[in-house]
Amino acid sequence: QVQLVESGGGLVQPGGSLRLSCAASGSIFSIRRMGWYRQAPGKQRELVAVITSGGNTNYADSVKGRSTISRDNAKNTVYLEMNNLKPEDKGVYYCNLWGRNTIAVPTQDYWGQGTQVTVSS
């Protein structure tokens with residue numbers, strides 16, 4: 001099994017910054033991509049930012065220019081730094097890993113439990 005442990009969420013004031021971390025552990029055969037998704041109350045889960053094993057990144061338009069995703073392949077850890085946070089950034093942030101935990105299974109999504117981010121004064 002793949003375990004994803006997120007940290008770094010909490011209450012942040014508008015205009016503030018935060019750094020989310022997600023460490024993957026357990027049985028991991030390969031990782032194609034890791035990243036972050038978020039879900040606001042009453043809305044569908046949406047992509048925030050992802051990074052491939054080769055370092056290619058993709059950001060949601062809503063966070064582009066004020067967010068940076070990075071990855072430590074040796075530690076199987078992904079980070080998300082967000083600046084100039086806005087109330088609309090509020091939501092549960094989920095770590096995602098797209099990969100395989102054994103050679104016998106297809107590439108698939110694995111999810112963390114989520115960490116709450118609240119942006120409020």
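The values are calculated or read from the model by the stated rules, or taken from the named source; none is laboratory data. Keep in mind that this is a model prediction, so the values were computed, not measured. We place every Cβ from the backbone using ideal geometry, glycine too, and count neighbours over all the protein chains shown. Note: areas computed on protein heavy atoms with side chains; ligands, DNA, RNA excluded. Shrake-Rupley method; radii C 1.70, N 1.55, O 1.52, S 1.80 Å.
Quick notes on this one:
- Residue under evaluation Lys64, criteria (1) out of contact with any strand residue (DSSP E or B) (no Cβ under 8 Å at 6 or more places or on another chain); (2) closer than 21 Å to Val5 by Cβ, criterion not met: (2)
- Filtered residues of the stretch 1-41 (kept if within 10 Å of Tyr93 (Cβ to Cβ) and among the aliphatic types (A, V, I, L, M)): Leu18, Leu20
- Test for Val2: is it under 29 Å from Ser121 (Cα atoms), buried (at least 16 other Cβ atoms within 10 Å of the Cβ) and among the aliphatic types (A, V, I, L, M): no
- Pick from the stretch 77-106, criterion polar (S, T, N, Q), modelled with pLDDT of 95 or more and touching a strand residue (DSSP E or B) at 6+ places or on another chain (Cβ under 8 Å), ranking: most open to solvent (accessible area, probe 1.4 Å): Asn83
- Enumeration of residues in the stretch 81-103 that are under 13 Å from Gln116 (Cβ atoms) and among the β-branched types (Val, Ile, Thr): Val92
- Strands (runs of 3 or more DSSP E) wholly inside the stretch 27-121 that include at least 2 residues being under 24 Å from Ser17 (Cβ atoms), touching a residue at least 60 places away in the same chain (Cβ under 8 Å) and within 15 Å of the chain's Cα centre (by Cα): 30-39, 77-82, 91-100, 115-119
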